[in-house]
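The structure appears below as structure tokens.
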Amino acid sequence: MEIDPLQSMEDDSANAKHARLNSWVAITVALLATFMGICKVKDDNIVQAMQQAQADKLDHWAFYQARNIRQEIAQAELTQLSLARGAQPAAGAVPRTRTDSAIARYTALVKDQATKKDSLRVQAEQDQKSYDALNYRDDQFDLSDALLALAIALLAMTSLTHKRWLFVVAMVPTVFGVFMGFAGLLGWHVHPDAIAKLLS
């Protein structure tokens, strides 16, 4: 059995091409993994801020309800005092003065609770806006993560099959994933709503 030198050179050439392709795959995966790590840190910080905004919103709405109850109780007491004052004879000046004082106090309390309640409503609505703005960026990172995971899976298949065309296909989700990652990192207003709704 003779060794064919041409066959040996073709095998060496094919092995060199496979090694080059595997090198490109390895470099790409390493870069994508690093980029995903950076995005993950930022995304985790955004998720923490979202949780805080959600907690603040719930706290403000709970306190709003407490103010609302206080206002309703004060309003009920004010109504009772007003009815009691109307039933008192005009001759009894001393008790009527106390009733007038209590009416003034409860009127001020009702106004104070209404003002504070409105302030809490504004804060709760602002908390919701903050949450929505953060969620917009979180969606960008989620989409970037999904696209880059798909790209890495395609790159793994490229390494196993040694198909150059598969490497080119893997670059499509890579480009879009990196773009969405930069959009999240830099606060760009890029948000594919249809994809985000499909995935959520």
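The values are calculated or read from the model by the stated rules, or taken from the named source; none is laboratory data. Every value quoted in this text rests on a predicted model; they were computed, and no experiment measured them. Heads up, the Cβs are rebuilt from the backbone with ideal geometry, glycines too, and the neighbour counts pull from every protein chain shown. Accessible surface areas use protein heavy atoms only, side chains included; no ligands, DNA or RNA. Shrake-Rupley method; radii C 1.70, N 1.55, O 1.52, S 1.80 Å.
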For the chain, built as a Gaussian network whose Cα springs stay under 10 Å, the top-fluctuating residue of Leu83, Leu120, Leu186: Leu83
Flagged links, alpha-carbon separation over 20 Å, of Lys40/Lys163; Lys57/Lys129; Lys57/Lys111; Lys57/Lys197: Lys40/Lys163; Lys57/Lys111; Lys57/Lys197
Within a Gaussian network of the chain (alpha carbon springs, distance under 10 Å), most fluctuating of Leu160, Leu32, Leu150: Leu160
Selected from His189, Leu150, Trp24, residue furthest toward positive end of dipole (the chain; charges at beta carbon): His189
Span-rule helices in the chain, defined as complete DSSP H runs reaching 18 Å or more along the axis (Cα) with Kyte mean at least 0.5: 164-186
Cβ-Cβ FRET estimate between Arg121 and Thr34, R0 fixed at 30 Å, reported to 0.05: 0.10
Helical mean residue ellipticity (222 nm; -39500 (n - 2.57) per DSSP H run of 4+; nearest 500) of the chain: -34000 deg cm²/dmol
Debye log10 I(q)/I(0) at q = 0.12, 0.14, 0.15 Å⁻¹ for the chain, Cα point scatterers: -0.79, -0.90, -0.96
Rounded percent of accessible protein surface that carbon and sulfur make up, the range 51-200, 1.4 Å probe: 64 percent
Whole-number percent relative contact order across the chain, with pairs defined as alpha carbons under 8 Å at least 6 apart: 28 percent
Bins of 5 Å, starting at 0 and running to the largest distance - Cα pair percent for the range 135-200: 4, 20, 25, 19, 14, 10, 7, 2
More than 24 Å apart - percent of Cα-Cα pairs taken over the range 72-163: 61 percent
